[in-house]
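*Asks:* Have a look at the structure that comes next, please.
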Amino acid sequence: MSEKREKPYKWRREDYREKTKGLLIVNTGDGKGKTTCSIGLMVRAAGQGLNCCMIQFMKSKTDRYGEHESLEKLGIEVHTMGDGFTWDTKDPAQDIKTSEETWELCVEKMRSGEYDLLVFDELVYVLDYKFLDLDKVLTEIKANREDQPALHIVVSGRNAPAELIEAADLVTEMKEVKHPFNAGIYAQQGIEF
């Protein structure tokens, strides 16, 4: 692991910082906004000088979304690693392989010691689909949080398993109340992607 960086907190009292720690944050639920919430947190963190990285599990690596343009302008590293959602690939073996390769990148970034905030977008989906072993993922996250107590990790996706919720410090559930798709309005540039 690389040498630990001094965190850029400029205005917090020393006694305040002693009562903080890196958080494991889960954005889950059937409503829209899990990725958007994670991106908003990265924008805030980057504004405070924190080094951020987002790794997307399922969105297709050949697509460009609005978040790519915005985050790259802020100097936030983005890796979109997927083959598309499972209903696009229709190949569970390929989905598992892609998930494993993407998780390897997550582990590399966690172990590097270079980041203050890591977002593993759609990790919860691959855990729900059993493309990755939940116990191994949780063990790796726990080990890295112990080694780097100020590291924040955000994971997103529907159907967060109970073990992940238990391990988390903050869990937000997005609940769908009304969605334009149900009225025949398709996904729109700048709103959904």
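*Asks:* I'd like the orientation of helix 34-47 relative to the chain: the angle between its Cα long axis and the longest Cα principal axis, in ° from 0 to 90, rounded to 10.
*Replies:* For 34-47 against the chain, the angle is about 30 degrees.
*Asks:* Given the DSSP H assignment, sum -39500 (n - 2.57) over each helix run of at least 4 residues in the chain and divide by its residue total; what's the result at 222 nm in deg cm²/dmol, nearest 500?
*Replies:* Counting only the DSSP helices, I get -11500 deg cm²/dmol.
*Asks:* Need one word for the chain: rounded, prolate or oblate. Basis is the Cα gyration tensor (sqrt eigenvalues a ≥ b ≥ c); a/c below 1.5 gives rounded, then a/b vs b/c decides.
*Replies:* Prolate, since a/c reaches 1.5 and a/b exceeds b/c.
*Asks:* While we're here: Just to confirm a number: summing +1 for Lys and Arg and -1 for Asp and Glu over residues other than Val119 whose beta-carbon lies under 13 angstrom from that of Val119, what do you get?
*Replies:* Computed value for this residue: -1.
*Asks:* His79's amide H: which non-local residues (gap 5+, or another chain) put their own amide H closer than 5 Å, with H modeled 1.01 Å from N in plane and none for Pro or chain starts?
*Replies:* Those qualifying (amide H under 5 Å, at least 5 residues apart or on another chain) are Met54, Ile55, Gln56.
*Asks:* In addition: For Val154, which sequence-distant residues (separation of 5 or more, or a different chain) have an amide H within less than 5 Å of its own amide H, given hydrogens modelled in the peptide plane?
*Replies:* Ile25, Leu118, Val119, Phe120
*Asks:* How would you rank 123-129, 167-173, 93-99, 37-43, highest first, on the average number of other Cβ atoms within 10 Å across their residues?
*Replies:* Ranked from most to least packed, the peptides come out as 123-129, 37-43, 93-99, 167-173.
*Asks:* Taking the range 70-146, how much of its Cα-Cα pair set, in percent, is spaced more than 15 angstrom apart?
*Replies:* Result for the distance tail: 59 percent.
Here, each number is a calculation from the coordinates, and none is a lab measurement. All of these numbers come straight from a predicted model, not from anything done at the bench. Backbone-built Cβ (ideal geometry, glycine too); neighbour counts: all protein chains shown.
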